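Okay, structure first, notes after.
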Amino acid sequence: MADYASPLSEGPRDSMGMFVVTVGHGIRELAETLKNRGDYLKSHIVQALALESAEAYAEWQARRKLRVQPKPVLDFVRFAGTDITHPETRPDLLASQPGQTFSVAKAERDLTMLAASGDYLRTDYRLVRMVNGEQGLVFDLEDKPWGPNYLQMGLDFSADNRGRSAFNLKLAHNRHWLDASGAEWRNFVRLGTSPAVVSELYRPMNFRLPDGLEGFVSASGAVQRRTLDYHLVPEAKADAEVDRHTVAFHGDVGVNWRELGEIRLGLQDELWRDDPTLVSSSYSLARAAQGLDGGLRSERWHERGWRLRAVFDQLDHAFFPTKGWRLESQWMQGRRLSRDDFADGPIRRFNLQAQAVRSWGVHTFSAFTRLDLSDGVASQIPRYGLGGFQQLSGFAPFQVSGQQVALLRLRYQVRLAPAPLTRGTFFGVSWEGGQAWEQRQDFASARKRTGTSLYLGADTAVGPVYGAIVHSPGVGATFMVFVGRP
């Protein structure tokens, strides 16, 4: 039997059911008494009859046809035990509906959905029959005592032997059930090298579309600051240091598509400001050689327009997935309005990130691609950049930059035995290829760059932690420690 049991290190645990049958108590004692009296034949016959009778009864139990009970038709679906949430106002989210025949699979799916909301300490269901003869499904829920406000803390950290480092402390707050419709207030704060504040009000709507599409509206705002090291030649020293500030406002209407993801359509208004703090003489000379103004000035502008955004996430884990796929894409079209004497004009942007993961036992292979394109009036400092751990390993963040960038990453990793204080440890290798260019017609001539990483990763309470040796031609080998999602 052990040959067919799944090892504890692979996948879900197996379950085994057993039952015991007997033809009566005292059989062993009777056989021993007969044996002690010298009646060996009778003792053997008693044991043989008992064994054969027990096996025959067990086989009869296994083969007999049980009477199949008809599945009940649900007269109602109700919720019990919750005072904070109002799932009864969103019955459309459940697969189990009144008038349907009860289905264990649907009830389990609904139970998983309720548990995944994060609102409940315990979830269960039961079938009940009322005194009036009605039959229904009741979900027993227990609210989390610390709800409906939920806090999460995280950490981003990177450091290497070249003296490059970054640190960010992250705090996320989510207030569930602002009203009976399930509205949420979502907040995010990041303190450190790249400070940011994001706040969003999200409210489900009552309109429904076919195939599980459910509507919502959203209003959000964000403030962020980043310090960018701009390189005219990525393999050379930085030519400028720029503080980039953004303030963004978004208003969206969208739909959730079952458990697959969401699609949004809305308006946006973003304020950008680039403030150079250090500029090298080589940058000024390079600009002058192109017949341009040699100085790098502060630049402020608005970007106003509409956007279409889609996110579909079917990965089984946020940091170390073993199967599934994820797709995130956005199209933005609008107009740039300069607040200084820089050019105004139309702008268009397209952003895409896609990932696919598959495993064979403890071995996992994943492919990731990123594509950022922009068209129209451009700023002095490029919009997009590559670099960092598994984003073109070996280069620093934004060391390879342009108005358009593309990246392909292939990764293999093997799951190791869990180490203390971790939920899993992994050993892996990655290869990345990427490029950056300014105009669409420059894609073919743009230089392609590669990076590789050899890493040991762990899933910990503070997030994924990596120790890695990274390398890129022209930069060389670098040892680094990285905490966060690549």
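The table for this structure:
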{"item": "Options Gly154, Gly147, Gly163; residue that is under 25 Å from Tyr202 (Cα atoms), of a type outside the set (A, V, I, L, M, F, W, C) and part of a loop (DSSP other than H, G, I, E, B)", "result": "Gly147"}
{"item": "Positions within region 372-391 being closer than 17 Å to Ala238 by Cα and either buried (at least 24 other Cβ atoms within 10 Å of the Cβ) or over 22 Å from the mean Cα position of the chain (by Cα) (or both), in sequence order", "result": "Gln380, Ile381, Pro382, Arg383, Tyr384, Gly385, Leu386, Gly387"}
{"item": "Among (1) exposed (fewer than 15 other Cβ atoms within 10 Å of the Cβ); (2) more than 30 Å from Gly215 (Cα to Cα), the one test that Phe157 misses", "result": "(1)"}
{"item": "Failed condition for Val131, given (1) loosely packed, with under 14 Cβ neighbours inside 10 Å; (2) on the phi > 0 side of the Ramachandran plot", "result": "(2)"}
{"item": "Any hit, region 258-276, residues being buried (at least 16 other Cβ atoms within 10 Å of the Cβ), over 19 Å from Ser199 (Cα atoms) and at pLDDT below 90", "result": "no"}
{"item": "Condition met for Gly345 (assigned by TED's automatic domain parsing to the domain that holds Pro418 and either closer than 30 Å to Thr425 by Cβ or surrounded by 14 or more Cβ atoms within 10 Å (Cβ to Cβ) (or both))", "result": "no"}
{"item": "Tally, over region 125-180, of residues that are closer than 30 Å to Leu94 by Cβ and either basic (Lys, Arg) or in contact (Cβ under 8 Å) with a residue 60 or more places away in the chain (or both)", "result": "18"}
{"item": "Count of residues meeting criterion [modelled with pLDDT of 75 or more, of a type outside the set (Asp, Glu) and part of a loop (DSSP other than H, G, I, E, B)] in region 36-64", "result": "2"}
{"item": "Count - residues of region 177-222 that are under 22 Å from the mean Cα position of the chain (by Cα), β-branched (Val, Ile, Thr) and more than 20 Å from Leu265 (Cα to Cα)", "result": "2"}
{"item": "Failed item in (1) surrounded by fewer than 15 Cβ atoms within 10 Å (Cβ to Cβ); (2) assigned to a strand (DSSP E or B); (3) assigned by TED's automatic domain parsing to the domain that holds Glu262, with Ser181 passing the rest", "result": "(2)"}
{"item": "Scan of region 360-386 for residues that are within 22 Å of Glu328 (Cβ to Cβ) and either of a type in the set (A, V, I, L, M) or touching a Ser or Thr at 6+ places or on another chain (Cβ under 6 Å) (or both), ordered by number", "result": "Thr364, Ala367, Leu371, Leu373, Pro382, Arg383, Gly385, Leu386"}
{"item": "Residues (loosely packed, with under 13 Cβ neighbours inside 10 Å and in contact (Cβ under 8 Å) with a residue 60 or more places away in the chain) located in region 81-124", "result": "Asp83, Asp92"}
{"item": "Candidates Val483, Val475 - the one that is under 26 Å from the mean Cα position of the chain (by Cα), more than 30 Å from Gly376 (Cβ to Cβ) and in contact (Cβ under 8 Å) with a residue 12 or more places away in the chain", "result": "Val483"}
{"item": "Selection within region 193-234 - on the phi < 0 side of the Ramachandran plot and charged (D, E, K, R)", "result": "Glu200, Arg203, Arg208, Glu214, Arg225, Arg226, Asp229"}
{"item": "All positions within region 239-254 that are crowded, with 18+ Cβ neighbours inside 10 Å and over 16 Å from Ser379 (Cβ atoms)", "result": "His250, Asp252, Gly254"}
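The values are calculated or read from the model by the stated rules, or taken from the named source; none is laboratory data. All values derive from a computational prediction rather than experimental measurement. Methodologically, a virtual Cβ is constructed for each residue, glycine included, from the backbone with ideal geometry; neighbour enumeration extends over all protein chains shown.
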